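Asker: Below is a structure I'd like to ask you about.
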Amino acid sequence: MGKLINGDDGMPAEDEVGIWAKEKHDYLRRYLDISRGTRKKWLGPRKAGATFIDLFCGPGRARVKETGEWIDGSAIAAWKISQEGGASFSDIYVADIDDARRTATVQRLRQLGAPVRELTGSAVDAAAAVAKAVNTYGLHFAFIDPFSLGTLDFRIIQSLAPLKHIDMLIHLSKMYLPRNLGINLASEESAFDSFAPGWREKINPTS
Ligand SMILES: C[S@@+](CC[C@H](N)C(=O)[O-])C[C@H]1O[C@@H](n2cnc3c(N)ncnc32)[C@H](O)[C@@H]1O
């Protein structure tokens, strides 16, 4: 994790994110925008609601390394696009194992008037907690954006999967796999153990 700096809004922000972060948020915004019609069906009086769940939320603001421009973090971008499309989320759940990052996102969302709920602890704990907290009949969207494969613990998916109406957008680092394949196949403590439990029984690392 990099260091936090003072953002252009005076709150803690991520320094030097790669320009690809803009593309990542673009996919997130596009999905949330095209799904607004469906979301509207869950919103309003006596409806079960539509939630956004961000389990690796970061601080909510970042400076792009290559250009120096300031961009919103995932939860802020998600809230804004939902508002712009006239289908604002009824609840936004955010988690980040780093207290300073999570608190900064919560603060930014509160300033925007978003219905934010804070989940403390790791993404694994947060996923278990959120699955119990949300309305089972609601429409849910989870954004799962870890830095590495090791933190993409399969228990996150297991906790969220029983929700009847849930979409998940998962950021899987394509470069991580080939770059760390050798070490993960060889080491006793492999990132694959949490990402794909039981992989050792299915794959022969020497073939
Ligand atoms: C790629 S960044 C998130 C960026 C954010 N989603 C965005 O697009 O603005 C990953 C975040 O995961 C957090 N993190 C690392 N390990 C974690 C864990 N086990 N549970 C929850 N958060 C974790 C880090 O503190 C970091 O803020």
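The values are calculated or read from the model by the stated rules, or taken from the named source; none is laboratory data. Everything numeric in this text was worked out from a predicted model, so none of it was measured. Quick reminder, even Gly has a Cβ in these numbers, built from the backbone with ideal geometry, and neighbours come from all protein chains shown.
Asker: Does A62 meet the test of being touching an Asp or Glu at 6+ places or on another chain (Cβ under 7 Å), within 11 Å of the ligand (Cβ to nearest atom) and part of a strand (DSSP E or B)?
Answerer: Numbers: touching an Asp or Glu at 6+ places or on another chain (Cβ under 7 Å): yes; within 11 Å of the ligand (Cβ to nearest atom): yes; part of a strand (DSSP E or B): yes.
Taking the combined requirement at face value, the residue satisfies it.
Asker: Against the condition under 23 Å from M1 (Cβ atoms) and either modelled with pLDDT of 95 or more or not acidic (D, E) (or both), how does S207 come out, does it pass?
Answerer: Numbers: under 23 Å from M1 (Cβ atoms): no; either modelled with pLDDT of 95 or more or not acidic (D, E) (or both): yes.
For S207, the condition - under 23 Å from M1 (Cβ atoms) and either modelled with pLDDT of 95 or more or not acidic (D, E) (or both) - is not met.
Asker: What number of residues in region 85-119 are buried (at least 17 other Cβ atoms within 10 Å of the Cβ), within 19 Å of E14 (Cβ to Cβ), over 14 Å from the mean Cα position of the chain (by Cα) and not β-branched (V, I, T)?
Answerer: Qualifying residue count for the region: 3.
Asker: Moving on. List pairs: first in region 195-207 and within 20 Å of K174 (Cα to Cα), second surrounded by 13 or more Cβ atoms within 10 Å (Cβ to Cβ), Cβ under 6 Å, 6+ apart or cross-chain?
Answerer: F195/L149; F195/L152; P197/F154; W199/F192; P205/L185
Asker: Let me ask you something else. Looking at region 159-189 only, could you name the residues that are within 24 Å of Y31 (Cα to Cα), in contact (Cβ under 8 Å) with a residue 24 or more places away in the chain and not in a strand (DSSP E or B)?
Answerer: Just the residues of region 159-189 that are within 24 Å of Y31 (Cα to Cα), to begin with: 159-175.
When the remaining residues are screened for being in contact (Cβ under 8 Å) with a residue 24 or more places away in the chain, the result is 159-160, 162-171, 173.
Result: S159, L160, P162, L163, K164, H171, S173.
Asker: Ok, one more. Taking the criterion of being at pLDDT 95 or above and within 27 Å of G10 (Cβ to Cβ), would at least one residue in region 166-181 satisfy it?
Answerer: No, every residue in region 166-181 fails to be at pLDDT 95 or above and within 27 Å of G10 (Cβ to Cβ).
Asker: Could you list all residues from region 75-132 that are in contact with a helix residue (DSSP H, G or I) (Cβ under 6 Å, 6 or more places away or on another chain) and under 10 Å from G58 (Cα atoms)?
Answerer: Result: A75, V94, A95, D96, T105.
Asker: So which residues in region 24-40 are β-branched (V, I, T) and touching a residue at least 60 places away in the same chain (Cβ under 8 Å)?
Answerer: Of everything in region 24-40, just one residue is β-branched (V, I, T) and touching a residue at least 60 places away in the same chain (Cβ under 8 Å), namely T38.
Asker: Tell me, which residue of region 142-196 that is hydroxyl-bearing (S, T, Y) and surrounded by fewer than 16 Cβ atoms within 10 Å (Cβ to Cβ) is farthest from the ligand (Cβ to nearest atom)? Explain how you work it out, then say what you get.
Answerer: To start, the set of residues in region 142-196 that are hydroxyl-bearing (S, T, Y) comprises 148, 151, 159, 173, 176, 187, 190, 194.
Among the residues that remain, those that are also surrounded by fewer than 16 Cβ atoms within 10 Å (Cβ to Cβ) are: 148, 173, 187.
Numbers: S148: 8, S173: 9, S187: 19 Å.
Restricting to residues being hydroxyl-bearing (S, T, Y) and surrounded by fewer than 16 Cβ atoms within 10 Å (Cβ to Cβ), the top hit is S187.
Asker: When you go through (1) surrounded by fewer than 19 Cβ atoms within 10 Å (Cβ to Cβ); (2) near the ligand (Cβ under 10 Å from one of its atoms) one by one for A78, which number turns out not to apply?
Answerer: Just one mismatch for A78, condition (1).
Asker: Checking K132 against (1) farther than 26 Å from D26 by Cβ; (2) buried (at least 22 other Cβ atoms within 10 Å of the Cβ), which single condition isn't satisfied?
Answerer: (2)
Asker: D33 is checked against (1) outside any strand (DSSP E or B); (2) within 13 Å of the ligand (Cβ to nearest atom) and fails just one. What number does that condition carry?
Answerer: (2)
Asker: Test S122 against the stated conditions and say whether it is away from the ligand (no atom under 12 Å from the Cβ), small (G, A, S) and surrounded by fewer than 22 Cβ atoms within 10 Å (Cβ to Cβ).
Answerer: Working: away from the ligand (no atom under 12 Å from the Cβ): no; small (G, A, S): yes; surrounded by fewer than 22 Cβ atoms within 10 Å (Cβ to Cβ): yes.
In short, no.
Asker: May I ask you to say which residue of S74, S35 is closer than 26 Å to A128 by Cα and under 13 Å from the mean Cα position of the chain (by Cα)?
Answerer: S74
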